[in-house]
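Step one of this worksheet: look at the structure below.
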Amino acid sequence: MKNQLCSSDEDEYCESSNTYCWWRSAAEFEECVKLKLDPPNVVALTPRIRILRELERLSLVAQDGLNELRHKLVMYRSGDFWMPTGGIPKEKTDIPPVVTVLLVGFSGSGKSSLVNLMYCVLGRSGLVPFAQTSSGNSSKYTSMFLEEHNVIRSLRSGFCVYDSRGFDYDQIGESLEELYNWINDGVHHNQLCLRSGDHFLQRDEVELLMARSSSKFLRRRVNCAMVVANIAEIYEAYKAGNYKPLETTKELYCSTAFKKCAENPILILTHGDMLSTEERIEGRIKICEWLHISETSGVYDIVCLTEYGFIAEDSDPVSAYALTEAVYRALLISDRSHPPKRNILDWTMLVLSWLMCFIAALFAFLAEICSKVGHRDRFRL
């Protein structure tokens, strides 16, 4: 379908852009075009129209805005997007040297492919524009570690991205507990992620993995999280009457572990080219409805790999810009949510609280001993 927004002088560009502007073949696209001429009541828009308008926005700014936004990320240093909040000056804010973005999702959701796309899109001006992640490693143990990725090869780079081990739909409770530990205790490179289902490992293999999981790497505080979901897998399961992927994705996205972060995690919907236009839009609507979030705020639909298995940067500039904007949004959220530094009073109160807990535990221990001694003497009498 030819883009009706374009003039006759831009027909050649429009025909080529249709290869990645897949939403322009949707049934409601003509209505979306008419709304550009007559500004509508935004509240009255249907979810499908809102998604089409959002995708059109990305396509309009992708051509000229990608290089500008990429330059901002290349020149970024931790704290550059800080905003004054609550009257606390910047020098009294606990800004880490590197902002950490954590990717979480279920196995096969596309986290590693997303990291590879980040290297291609953001690493152009660096020394190493592309790096192989665990998805392309032949070792079956590689995915059991957290991997730190500096997707921008620059001395000024003030953020890193962590690729985590994929969760299991059948072990969501254990997965949420592991996520809670990552966000509260921090993460470090090559951190081992052993789970109860890893019964196939031999003792010597476990010892080898423990030796590789060195705690000498710097532990980083998680500042922002991205939940990566495979829209094709979830939508196909939903059509077949299997609601488990939707339910577990909701449990992950709405996890209380994210309360330590400033806002809800950014939702990245990944897919290949196996879904039709209507299925992509309907799948996005269904996932957002299930999660009770807006279809256009903090949600990005990104094609990581083409149908031929190649990185979709050059063939899909809209996905490249959407990925860049998602990273930019993560840094904005992080820099505007750094906690204040602890002062002497804070440390004093912390030490006093620890001391009171110790005294309470000591008295509880003594009370338990006295109770047992008194109970034993009663039987003697």
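Every read-out reported here was derived from the displayed coordinates using simple, explicitly stated rules and does not represent laboratory data. Quick caveat: nothing in here was measured; it's all calculated off a predicted structure. Note that each Cβ is placed from the backbone with ideal geometry, even for glycine, and that neighbours are counted across all protein chains shown.
Summary of computed values
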quantity	calculated
Rel. contact order, % - alpha carbon contacts under 8 angstrom, at least six apart, the stretch 90-335	23
The stretch 90-335, Cα convex hull volume normalised per residue, Å³	142
Distance between modelled label sites at residue 341 and residue 277, nm, 7 Å Cα→Cβ extension	5.6
For the stretch 196-300: relative contact order, % (alpha-carbon pairs under 8 angstrom, 6 or more apart)	31
Amide H within-cut-off set for residue 106, under 5 Å, with H built and near neighbours excluded	167
For the stretch 60-77, Karplus couplings with θ = phi - 60° (6.51, -1.76, 1.60), whole Hz, Gly/Pro x	6, 9, 5, 5, 9, x, 5, 5, 5, 5, 4, 5, 4, 6, 5, 8, 6, 10
Counted charge near residue 291, where neighbours are those whose Cβ lies closer than 12 Å (Asp, Glu -1; Lys, Arg +1)	-1
Amide H contacts of residue 222 (H built 1.01 Å from N, under 5 Å, at least 5 apart or other chain)	186, 187
Mean Cβ neighbour count within 10 Å, used as a protection proxy, ranking 217-228, 340-351, 286-297 highest first	217-228, 286-297, 340-351
Distance between modelled label sites at residue 353 and residue 244, nm, 7 Å Cα→Cβ extension	4.0
Note, ³J(HN,Hα) from phi for the stretch 330-347, Karplus 6.51, -1.76, 1.60, rounded to Hz, x at Gly and Pro	4, 5, 4, 4, 5, 5, 9, 9, 5, x, x, 5, 6, 9, 4, 5, 4, 5
R0 of 35 Å, Cβ-Cβ distance residue 63-residue 237: FRET efficiency to nearest 0.05	0.45
Taking 64, 301, 198 and counting other C-beta atoms within 10 Å, the order from fewest to most	64, 198, 301
Calculated from backbone phi, Karplus (6.51, -1.76, 1.60) coupling profile of the stretch 91-103 in Hz, x at Gly/Pro	5, 9, 9, 7, 9, x, x, 9, 7, 10, 10, 9, 9
Exposure proxy ranking, count of Cβ atoms within 10 Å, fewest first, for 175, 215, 143	215, 143, 175
Over the stretch 140-272, volume per residue of the alpha carbon convex hull, in Å³	141
Cβ-based exposure ranking for 81, 365, in which fewest neighbours within 10 Å come first	365, 81
